[in-house]
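The values are calculated or read from the model by the stated rules, or taken from the named source; none is laboratory data. Remember, predicted model here, so these are calculated numbers, not experimental data. FYI the Cβ positions are ideal-geometry reconstructions off the backbone, even for glycines, and counts take in every protein chain you see.
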Amino acid sequence: MTTSAPIIEGAGAAEAVTEADPLRVASWPNAVTGLRIVMVPVLVGSFFVDGASGLWLGFAVFAAAALSDFFDGWLARRLDQHSLLGRVLDPIADKLLVAAALVMLATDERAPVIAVVAILAREFLISGLREALAGKVALPVQALAKWKTAAQMVAIALLLLAPAIAPWLSEATGTGLASAGEGLLWLAAVLTWASAIGYVRDAVRGLRAARPGQEE
């Protein structure tokens, strides 16, 4: 008898474990995911490079890493190379990338600290909840979580790009671009906690349904 793998939130979480080769390690999708993890310290290092070079490096690395999140899932489906390792590493790579970008942007005073803390705190909460409920209650990815991810990625990209492109823009346009990034980050913070409430509600319902006589 086979059991279905728990669904993990994230843009590339479509990669599922198949019965054919659940322990596959060497594959193109896993290589792309691993490359995304390697990009994280490069992104962090870009904040210590002075001038426009560091700004463009940070944006380019983040953009490439974000695109790789789509690409590894596409490769897994195209080549039928699904694995347990890929399913585990993909959301880890996503969270490392986003957390590193947000922390460095907040440290550089280019992102609102409260919004960053709110987003990261929610990630810890839901990750802990999923770990606690593993094998007991499945938490399907919510539509709100997908919108949160989209808003968060675009916000980070704008906040990284704004100072790099500022010399070619008017002061008002440059400021507006940075403000748009901050606004989207606040939107992501709201959506992230709205989705968290939904996950907690689903977890409570799932636990009650799993206990005899406790169904709603």
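So is ASP90 assigned to a helix (DSSP H, G or I), touching an Asp or Glu at 6+ places or on another chain (Cβ under 8 Å) and in contact (Cβ under 8 Å) with a residue 60 or more places away in the chain or not? Yes; evaluated as a whole, the condition is true for this residue.
Listed here are the residues, each with its yes/no results for (1) within 19 Å of the chain's Cα centre (by Cα); (2) over 27 Å from SER46 (Cα atoms); (3) not hydrophobic (A, V, I, L, M, F, W, C).
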residue: ALA145; (1), (2), (3): yes, yes, no
residue: LYS148; (1), (2), (3): yes, no, yes
residue: LEU177; (1), (2), (3): no, no, no
residue: TYR199; (1), (2), (3): yes, yes, yes
residue: ALA209; (1), (2), (3): no, yes, no
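Under the condition of being at pLDDT below 85 and among the aromatic types (Phe, Trp, Tyr), which residue from region 57-113 is nearest to LEU35 (Cα to Cα)? Step through it out loud before you land on a result.
Step one: list which residues in region 57-113 are at pLDDT below 85, which gives 69-89.
From the residues that got through so far, the ones that are among the aromatic types (Phe, Trp, Tyr) too are 70-71, 74.
On the way: PHE70: 13, PHE71: 12, TRP74: 15 Å.
Among those residues, the one meeting the criterion is PHE71.
Residues in region 110-124 that are within 14 Å of ASP94 (Cβ to Cβ) and not charged (D, E, K, R) were compared, and the one that is surrounded by the fewest Cβ atoms within 10 Å (Cβ to Cβ) is LEU120. In the condition set (1) within 20 Å of VAL40 (Cα to Cα); (2) buried (at least 19 other Cβ atoms within 10 Å of the Cβ); (3) under 16 Å from the mean Cα position of the chain (by Cα), LEU161 is compliant with all but (3).
Considering ALA145, ALA196, ALA121, ALA164, the condition of being modelled with pLDDT of 95 or more, assigned to a helix (DSSP H, G or I) and not aromatic (Phe, Trp, Tyr) is satisfied by ALA121 alone.
Exactly one residue out of SER127, SER170, SER195, SER179 is surrounded by fewer than 19 Cβ atoms within 10 Å (Cβ to Cβ), hydroxyl-bearing (Ser, Thr, Tyr) and touching a residue at least 12 places away in the same chain (Cβ under 8 Å): that is SER127. Taking ILE119, is it farther than 29 Å from ALA164 by Cα and under 14 Å from the mean Cα position of the chain (by Cα)? For ILE119, the condition - farther than 29 Å from ALA164 by Cα and under 14 Å from the mean Cα position of the chain (by Cα) - is not met. With the requirement that a residue be out of contact with any Leu (no Cβ under 7 Å at 6 or more places or on another chain), within 19 Å of TRP193 (Cβ to Cβ) and of a type in the set (D, E, K, R), what does region 127-153 give you? The one that is out of contact with any Leu (no Cβ under 7 Å at 6 or more places or on another chain), within 19 Å of TRP193 (Cβ to Cβ) and of a type in the set (D, E, K, R): LYS146.
Residue check: VAL137 meets all listed conditions (1) within 25 Å of PHE48 (Cα to Cα); (2) assigned to a loop (DSSP other than H, G, I, E, B) but one, namely (1).
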